[in-house]
Amino acid sequence: MEKLQFERPAIKRIETGMPSKFGMRSTTQIISDIDNVLIKDIIKDYGSPCFIISEKTIRDTYQDAYRAFSTKYPKVQFAWSYKTNYLNAVCKVYHSEGSWAEVVSGFEYDKAIANGVEPTKIIFNGPDKSVQDLTKAIKNGSLIHIDHFDELYSIIELTGTISERPKVAIRVNMDTGIFPQWTRFGFNYENGEAWDALNRIMVSGKIDLIGLHSHIGTYVMIASAYGVAATKLADLASQLYIKYNHVIKYIDMGGGFASKNTLKGAYLPGTDTTPSFDEYANSITSALLRSAIKPENLPTLILETGRALIDDAGSIAGTVLANKRLADGTKTMILDVGVNMLFTSFWYDHKITPAQSFSHHTEITKMYGPLCMNIDVIRESIEFPLLKKGDNFVISRIGAYNMTQWMQFITLRPNIVMIDLKGNVNIVRKAETMNNVSANEIIPEHLK
């Protein structure tokens, strides 16, 4: 017979009939498994903390996004955003679903090649492309999205030494009604800079202009903003056809779709406020279909969706290290998951859930990570059950950016496992060891 969990006596004010500001009771539900694999078993076999990726969730989310767009527009192509999560296993799942690769560095470009992506199906974005990067991409026939005039001039110069013709698009920034307006990347639409860049490409006669690209921001929760962006890109495409009789082959709407995470300071949870894939798709495809582009010239619609495709598929399981109270009486919980491996804690109120049965007494709790840094805060304030040392928990929707922006700082980075469609647990990145940290260090002779 299992021993019942001890519940310490607690005094709590009764507020009969008083709902929360959302009109409901504050309740916590247990997450004891992911894809029918017990959290306790994963921690036992792979250590705590441990990142967990659900292959089923990746595929289900991708297929939902593709359905939303492909049922509303005749030519749709997704390109997986490598910077969002460039674990090889994750990338290969997306590529197996038909997604191309979207990269923003030479490192990511080489990773996509190593993952078996055809070079012609790699989109090379970003402001930092070296001459070596550009040369390789041009020779391989990859799609280069030009970010600034200096990059454009470098490509024109390279055409004098490379026989292959560069295949390019330009990135366009614009006012879509959202704040902050991203004007750092690409050429501005409103001041005519984008049209100037397009004219320079066309009159050079040395470059194949095949696309237009926009990425209006990150975690964009207003779907209509994408309709504004698509309208302005379609206008540029129409002007090119009128002036040069030139047909654009694709319009790339970038990424930035919001996941179901809740931003810090938000009144309602992200699950209630985030637009669906269908809402984003309606806004974008309607703008393209009602534009002046002739039906026979409709461009392929490319989407570089990252966060919204992967966030739900990632979790991290961990262990409570201790409970304590601050000088002002605030209850705190110390976890073995810190901001060094959960970077998105700085802007999300992540969902945190016990992984075993728990007391239904709850208290406002501040959750710290294990780092010897005061900024190591996973949740500033959460109504949470009274877990004890050694209890386990799950932090959900952490698939985006945490496994690319994490740091080796104070603690070693843990195992990452993927649960496949058959329920098997596979290590996709082994936990770090001291050798991983020290292997590249060189001690000067006089200090040996």
Of the residues in the stretch 175-214, those that are of a type in the set (S, T, N, Q) and assigned to a strand (DSSP E or B) number 1
Would you say D196 is in contact with a His (Cβ under 6 Å, 6 or more places away or on another chain) and farther than 13 Å from M174 by Cβ?
-> no
Matching residues, the stretch 404-421, being part of a loop (DSSP other than H, G, I, E, B), in contact with a helix residue (DSSP H, G or I) (Cβ under 7 Å, 6 or more places away or on another chain) and either under 26 Å from R59 (Cβ atoms) or of a type in the set (S, T, Y) (or both) = W406, N415, D420, L421
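Just to verify a result, which residue in the stretch 335-349, among those that are out of contact with any helix residue (DSSP H, G or I) (no Cβ under 7 Å at 6 or more places or on another chain) and under 17 Å from C50 (Cα atoms), is surrounded by the most Cβ atoms within 10 Å (Cβ to Cβ)?
Restricting to residues being out of contact with any helix residue (DSSP H, G or I) (no Cβ under 7 Å at 6 or more places or on another chain) and under 17 Å from C50 (Cα atoms), the top hit is V337.
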Determine, yes or no, whether I216 is touching a Leu at 6+ places or on another chain (Cβ under 9 Å) and free of Cβ contacts under 8 Å to residues at least 60 places away in the same chain.
-> no
Would a scan of the stretch 275-294 turn up a residue that is touching a strand residue (DSSP E or B) at 6+ places or on another chain (Cβ under 6 Å), buried (at least 24 other Cβ atoms within 10 Å of the Cβ) and either part of a strand (DSSP E or B) or among the β-branched types (V, I, T) (or both)?
-> no
Does the stretch 132-151 hold any residues that are among the aliphatic types (A, V, I, L, M) and over 26 Å from T183 (Cβ atoms), and which are they?
-> I138
Members of the stretch 355-408 that are more than 27 Å from T84 (Cα to Cα) and among the aromatic types (F, W, Y) = F358, F384
Of the residues in the stretch 88-109, those that are acidic (D, E), under 16 Å from the mean Cα position of the chain (by Cα) and not in a helix (DSSP H, G or I) number 1
Select from the stretch 367-414 the residues that are free of Cβ contacts under 8 Å to residues at least 40 places away in the same chain and among the polar types (S, T, N, Q) and write down the one among them that is surrounded by the fewest Cβ atoms within 10 Å (Cβ to Cβ).
-> N374
Within the stretch 227-242, is there a residue that is of a type in the set (D, E), part of a helix (DSSP H, G or I) and at pLDDT 95 or above?
-> yes
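Out of T332, T300, report the one residue that is surrounded by fewer than 19 Cβ atoms within 10 Å (Cβ to Cβ), at pLDDT 95 or above and closer than 25 Å to Y62 by Cα.
On inspection, the qualifying residue turns out to be T300.
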Scan (1) without any contact (Cβ under 8 Å) to a residue 12 or more places away in the chain; (2) outside any helix (DSSP H, G or I); (3) closer than 24 Å to N297 by Cα for the single condition S163 breaks and write down its number.
-> (3)
Condition set of a type in the set (A, V, I, L, M) and either within 30 Å of I42 (Cβ to Cβ) or in a helix (DSSP H, G or I) (or both), scope the stretch 428-448, selection nearest to the chain's Cα centre (by Cα): answer is V428
Which of (1) out of contact with any Asp or Glu (no Cβ under 8 Å at 6 or more places or on another chain); (2) touching a residue at least 60 places away in the same chain (Cβ under 8 Å) does E55 not meet, given it meets every other one?
-> (1)
Quick one: which residue in A68, A112, A79 is under 23 Å from T300 (Cα atoms), assigned to a helix (DSSP H, G or I), of a type in the set (G, A, S) and in contact with an Asp or Glu (Cβ under 6 Å, 6 or more places away or on another chain)?
-> A68
Residue match in the stretch 78-87 (condition: over 17 Å from G254 (Cβ atoms) and more than 14 Å from the chain's Cα centre (by Cα)) = no
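The values are calculated or read from the model by the stated rules, or taken from the named source; none is laboratory data. Computed from a predicted structure; not experimentally measured. Note that each Cβ is placed from the backbone with ideal geometry, even for glycine, and that neighbours are counted across all protein chains shown.
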